[in-house]
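Down below is the structure, laid out as structure tokens.
The values are calculated or read from the model by the stated rules, or taken from the named source; none is laboratory data. Note that the structure is a prediction, hence the values are computed from the model and not measured. Ideal geometry is used to build each Cβ from the backbone, glycine not excepted, and the neighbour counts take in all protein chains shown.
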Amino acid sequence: MAKPISLTRPNIKFDWQWRAYFEMTKPKVVALMLLTVLVGMCLAMPGALPLQPLLAGMIGIGMMAGAAAAMNHLIDRQIDAQMARTYNRPLPKGKVSANKALVFAISMAIIGFGILYLWANPLTAWLTLASLLGYAVVYTSYLKRATSQNIVIGGLAGAMPPLLGWTAMTNELHGHALLLVIIIFTWTPPHFWALAIHRRDDYAKVNIPMLPVTHGIEFTKTCILLYTILMTLACLLPVLVGMSGPIYFVSSSILSSIFIYKAWQLKYADRPGLAMNVFKYSIYQLMLLFIALLVDHYFWV
């Protein structure tokens with residue numbers, strides 16, 4: 001009697017590969033980034049957003065951000081295999097080969113660039129490409145392994161999304177968009193250094209010169225507190241220039257005060273797991289901060 005043909009095995013393999021490729025794009029990071037893109041778009045326009053640059057901007061920037069994330073997975077695959085936080089990623093586990101990951105990343109980048117260039121504007125396409133190269137090449141390939149200030153210098157590439165959203169709508173650079181970049185730029189070091197404290201031994205094992213490895217945990221805690229204060233001042237800039245009003249001011253003040261308090265606790269009243277708690281809070285803080293910008297903008301409009 002002939003054995004029945006199984007139709008489930010190929011489907012399982014396809015699902016497994018699809019999930020692996022999707023994981024390489026760092027969807028949670030890209031989702032937060034696209035929120036800041038959307039806020040940049042909305043703040044650039046006094047009324048309703050035109051549909052074509054909205055869709056082209058969100059899709060194109062999202063694809064190029066996913067491509068940058070996939071390139072990060074590819075470049076870091078050897079150190080990822082040795083770190084507890086990343087050993088289970090698709091490349092170290094052999095779910096995706098290096099060649100396929102490279103083709104996937106380049107294809108995503110080309111398609112995303114084309115969408116932005118043709119249906120948003122060339123300025124946004126080139127700025128997004130510069131951000132991709134800044135993150136995937138300058139930061140991941142060089143700065144990450146070269147200096148303890150890697151996340152400070154390389155953080156500029158990750159701070160670009162609201163500017164990209166702004167240019168997608170207006171096809172021009174504007175000082176208000178740069179203020180949003182400054183906020184994310186000053187937010188990035190305390191956000192990432194908190195994670196680096198939690199994963200200090202992992203970074204030391206693979207010889208990545210994160211600040212807790214090169215200068216010690218106590219020094220890093222001091223830097224987190226000081227940068228959090230600097231970020232708080234940066235968050236006030238939209239109010240000072242008249243870009244945002246009282247809703248954002250109150251929200252920003254509360255969110256920043258909590259961040260400062262948590263950074264102060266990390267420095268002077270540390271306890272197990274607090275560094276990771278600070279890291280997680282920083283994600284919610286940035287998300288709520290940009291939502292407050294959005295609410296404030298449309299309330300006054």
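Selection of region 251-271 for residues being of a type in the set (D, E, K, R) and either more than 19 Å from Thr188 (Cα to Cα) or outside the structural domain of Ala234 (by TED's automatic domain parsing) (or both) yields Asp270, Arg271. Elements of the type helices (runs of 4 or more DSSP H) sitting completely within region 114-172 and holding at least 1 residues that are farther than 28 Å from Gln52 by Cβ and assigned by TED's automatic domain parsing to the domain that holds Leu34: these cover 150-158.
When Phe219, Phe185 are screened for being closer than 29 Å to Thr124 by Cβ, among the aromatic types (Phe, Trp, Tyr) and free of Cβ contacts under 8 Å to residues at least 60 places away in the same chain, only Phe185 passes. Annotation note: Cβ proximity below 7 Å between a residue of region 247-275 that is under 17 Å from Phe219 (Cβ atoms) and a residue that is among the hydroxyl-bearing types (Ser, Thr, Tyr) and part of a helix (DSSP H, G or I) (sequence gap 6+ or interchain) occurs for Ala263/Thr228; Lys267/Thr222.
Checking every residue in region 33-46 against the condition of being under 22 Å from the mean Cα position of the chain (by Cα), modelled with pLDDT of 95 or more, hydroxyl-bearing (Ser, Thr, Tyr) and farther than 20 Å from Ser107 by Cα gives at least one match.
Just checking, which of Ile79, Ile106 is under 15 Å from Thr25 (Cβ atoms) and not assigned by TED's automatic domain parsing to the domain that holds Leu180?
It is Ile106.
Report whether or not Asp296 is acidic (Asp, Glu), in contact with a helix residue (DSSP H, G or I) (Cβ under 6 Å, 6 or more places away or on another chain) and surrounded by 15 or more Cβ atoms within 10 Å (Cβ to Cβ). For Asp296, the condition - acidic (Asp, Glu), in contact with a helix residue (DSSP H, G or I) (Cβ under 6 Å, 6 or more places away or on another chain) and surrounded by 15 or more Cβ atoms within 10 Å (Cβ to Cβ) - is met.
Would you check if there is a residue in region 82-98 being within 27 Å of Ala196 (Cβ to Cβ) and assigned to a helix (DSSP H, G or I)? The answer is yes; a qualifying residue exists.
Taking into account only those residues within region 24-33 that are of a type in the set (A, V, I, L, M, F, W, C) and surrounded by 19 or more Cβ atoms within 10 Å (Cβ to Cβ), which is nearest to Tyr284 (Cα to Cα)? Checked region 24-33; the qualifying residue nearest to Tyr284 (Cα to Cα) is Met33. Is there a residue being at pLDDT 95 or above and in a helix (DSSP H, G or I) anywhere in region 11-18? No. For Arg145, the criteria (1) at pLDDT 95 or above; (2) in contact with a Pro (Cβ under 9 Å, 6 or more places away or on another chain); (3) surrounded by fewer than 21 Cβ atoms within 10 Å (Cβ to Cβ) hold in every case but one, which is (1). Within region 262-301, being under 18 Å from Tyr227 (Cβ atoms) and among the β-branched types (Val, Ile, Thr) holds for Val278, Ile283.
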